[in-house]
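> Could you have a look at this structure, given as structure tokens, before my questions?
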């Protein structure tokens with residue numbers, strides 16, 4: 001790291017020290033009119049944190065909802081005596097009498113007279129907004145409620161994923177407004193999405209890197225958080241995009257024996273087994289263990305194609321004291337299958353849509369022998385230590401390793417000819433990607449009368465190493481409409497013969513190393529109980545060692561860059577904990593390698609977002625929603641130099657602006673709704689187009705649990721997604737808009753759950769794509785049986 005970067009980091013930490021400690025001396029004595037605060041935790045009778053429980057101060061009728069860890073808080077309270085009440089439908093209300101003093105936080109520990117299983121039953125049959133998550137530890141790296149955060153983010157909870165009977169990660173994200181699949185694969189099984197006009201992938205796990213070279217299994221996911229817009233201030237540039245980030249939060253152990261075993265069978269040979277077992281090792285719950293596992297096999301709706309995967313995720317949590325918590329997690333994932341069919345589009349093609357190609361929708365142009373495997377291993381460790389009543393140290397380490405090995409297929413239409421398809425194979429010879437991230441955070445929470453200051457300061461080290469060799473093999477050219485007997489000629493033995501005869505594309509090697517050294521600070525300051533100012537700054541020093549040529553043993557393309565990323569936000573709540581008006585400015589950047597024709601090194605590309613809107617959480621948390629307008633401008637993008645072949649210039653720009661609205665509601669007993677709408681207008685200024693973004697999207701999911709006691713637990717659901725037309729190239733070829741409808745019937749009881757669902761009710765043929773077209777799943781039916789204990 002350069003001296004300049006070190007000086008910047010030191011200055012940031014000096015600033016952090018002034019912000020964190022100087023106000024402590026100013027307000028240490030307090031004032032006579034200082035008000036108090038109540039904070040607490042609600043647990044079940046068997047010691048598990050109780051989420052989504054209504055907490056009320058009887059004397060004021062102030063209400064709040066417990067978070068996923070059972071925590072709650074009330075601020076700006078006049079000193080005096082109060083009665084705290086917690087309640088669930090159909091159960092006795094629990095109350096506790098407390099005294100609030102000047103300039104102090106009164107801590108309350110409350111316990112429901114229900115077990116964890118009974119709480120689940122209440123959630124199923126009651127009117128609580130069970131699909132809502134009102135706070136996050138990772139999005140701002142601080143414990144903040146959604147109404148306190150000036151940025152927009154959406155959360156897909158495990159309760160929603162379970163009710164929808166999801167068997168894959170990608171389908172969970174169809175519940176997020178404005179987020180759609182861009183392409184599947186691209187050299188591996190990993191899926192890329194588009195958010196606010198920019199490509200993004202799911203590279204974060206519990207707020208830290210978990211870069212994957214395969215798809216993700218949802219068996220170990222408690223919730224998925226999707227932050228919208230540039231997120232470079234707290235997460236850097238390597239793992240996120242200007243469109244946002246996708247963070248998966250894993251399941252954690254709890255204090256009693258429990259779990260679930262489930263089996264799902266369905267169309268195209270779907271067979272999926274999942275297991276979730278929780279085991280406390282001692283009576284005081286200081287040592288907890290949880291294991292999630294899954295095995296899935298499925299064929300394809302096309303003539304050829306298959307996937308087979310096994311997933312195992314153990315988690316161990318040790319709490320030797322009230323101050324110290326140590327967490328160790330691992331994920332082992334073995335994935336084998338054929339590549340997803342993708343057909344690349346040329347601007348010069350005569351065809352204007354997939355229908356013009358007269359291409360059989362179920363024809364894959366591959367065989368099951370052309371397959372590859374992508375085993376991934378992911379380790380995560382975290383140490384939390386409570387330094388004092390106001391300070392916490394959080395140390396996290398993530399190590400991930402992914403391998404691509406085998407035959408990956410991708411096809412493209414012959415330029416200008418809509419009937420000729422070139423089949424190309426990438427022969428991976430063990431491509432290995434390893435990522436390591438070490439992150440140290442210091443988190444504080446101070447209250448001085450009406451003022452409150454929450455701060456996180458952190459250091460971040462990230463390393464990515466890629467090693468591997470591969471060949472490109474152009475196998476043959478076929479007629480799209482009448483491929484003939486040559487259609488089945490594609491076999492591994494034929495490819496081996498071509499390699500031996502030298503009729504292959506260029507041999508390539510992947511041997512590169514990247515390092516990122518970063519420091520950041522973020523502060524959320526309550527000027528009043530209703531007004532919060534948020535400011536953050538991050539400095540990243542990016543060191544790319546370049547590519548090692550195995551033939552010459554020389555490294556080429558190495559470079560180093562340093563970038564600053566600021567963020568500012570403001571939240572005003574005209575109705576405390578009910579309505580929040582917010583605005584933000586956020587920045588992100590992307591590092592660029594190489595030089596232009598004149599030898600000038602490229603600068604990092606920058607993306608800036610301005611956003612404003614309103615968030616609501618009203619009617620005792622029965623309705624939660626967000627409406628926002630955003631404008632993102634990305635500048636200094638690279639594009640091909642029109643005057644010098646093989647070189648790039650740095651003058652392209654992209655503007656994405658639009659509107660998003662989301663709602664999660666439970667207006668009456670048994671009914672739950674998740675819905676959203678987004679509009680994005682993307683303007684790209686440069687040669688070509690960063691394509692693949694629909695202008696309009698809609699997502700909807702509604703479920704109803706019948707209230708009759710004779711059919712208690714019986715429910716139905718209906719929903720779907722709409723995405724507008726997509727241009728997968730700079731030309732006039734367009735993927736048409738589509739509407740997908742889904743429905744399900746389920747019966748959810750205390751000890752078991754059964755369900756049946758139909759996806760793509762109308763058997764819609766539709767495509768996604770980014771410079772290509774990928775046919776998507778047709779109508780499919782699946783049934784699930786689960787035993788809970």
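> Rg/Rh for segment 135-246 to two decimals, with Rh computed the Kirkwood way over all alpha-carbon pairs. Provide the component values of the computation, followed by the final result.
Numbers: Rg = 13.3 Å, Rh = 14.3 Å.
On the Cα set of segment 135-246, Rg over Rh gives 0.93.
> Let me ask something additional. Below 8 Å, C-alpha to C-alpha, sequence gap of six or more: please give me the relative contact order for the chain in percent.
About 12 percent, as a whole number.
> Next question. With label points built 7 Å along Cα→Cβ from the Cα atoms of residue 419 and residue 663, find their separation and express it in nm.
Output for this residue pair reads 5.2 nm.
> Considering only DSSP beta bridges where both residues belong to segment 127-255, give the percentage that are antiparallel (nearest 5).
If we restrict to bridges inside segment 127-255, about 95 percent are antiparallel.
> OK, next. Helix 116-125 against the longest principal axis of the chain: what's the angle in degrees, Cα atoms only, rounded to the nearest 10?
The angle comes out at about 80 degrees.
> Could you list the residues of segment 255-281 with an amide nitrogen less than 20 Å from a label point located 7 Å from the Cα of residue 362 in the Cα-to-C-beta direction?
Of the residues in segment 255-281, 266-271 have backbone N under 20 Å from the label point off residue 362.
> To continue, here is another question. Separation between the residue 647 and residue 531 pseudo-spin-labels, each 7 Å from Cα along Cα→Cβ, expressed in nm?
Result: 5.4 nm between the two label points.
> Could you please tell me the mean projected area of the C-alpha convex hull for segment 321-370, averaged over all directions and given in square nanometres to one decimal?
Dividing the Cα hull surface by four gives the mean projection, 8.4 nm².
> Now for a separate question. Would you give the gap between the C-alpha center of segment 664-728 and the C-alpha center of segment 220-286, rounded to a whole Å?
After rounding, the separation between the Cα centres reads 21 Å.
> Which log10 I(q)/I(0) values, to two decimals, does segment 291-388 give at q = 0.10, 0.13, 0.15, 0.18 Å⁻¹ under the Debye formula with one point per Cα?
Cα-only, vacuum Debye calculation for segment 291-388: -0.54, -0.69, -0.78, -0.92.
> Continuing with the same structure: Over what distance in Å are the Cα centres of segment 386-434 and segment 624-638 separated?
26 Å
> Which percentage, to the nearest 5, of the DSSP beta bridges contained in the chain is antiparallel? Write down the numbers at each step before the final one.
On the way: 331 of 342 bridges.
Within the chain, antiparallel bridges account for around 95 percent of the total.
> Over the chain, consider all pairs of different Cα atoms and compute the Kirkwood hydrodynamic radius from their mean reciprocal separation; express it in Å, one decimal.
Numbers: mean 1/r = 0.0358 Å⁻¹.
For the chain, inverting the mean 1/r across all distinct Cα pairs yields 27.9 Å.
> A further question follows. As I understand it, the value is the acute angle between the Cα axis of helix 3-26 and the longest principal axis of the Cα atoms of the chain; what does it come to in degrees, rounded to 10?
Once rounded, one gets 20 degrees.
The numbers here are math on the coordinates, done by the rules we state, and not lab data. Because the structure is predicted, anything quoted here is derived from the model rather than measured. Please note: Cβ atoms are built from the backbone with ideal geometry, for glycine as well, and neighbour counts cover all protein chains shown.
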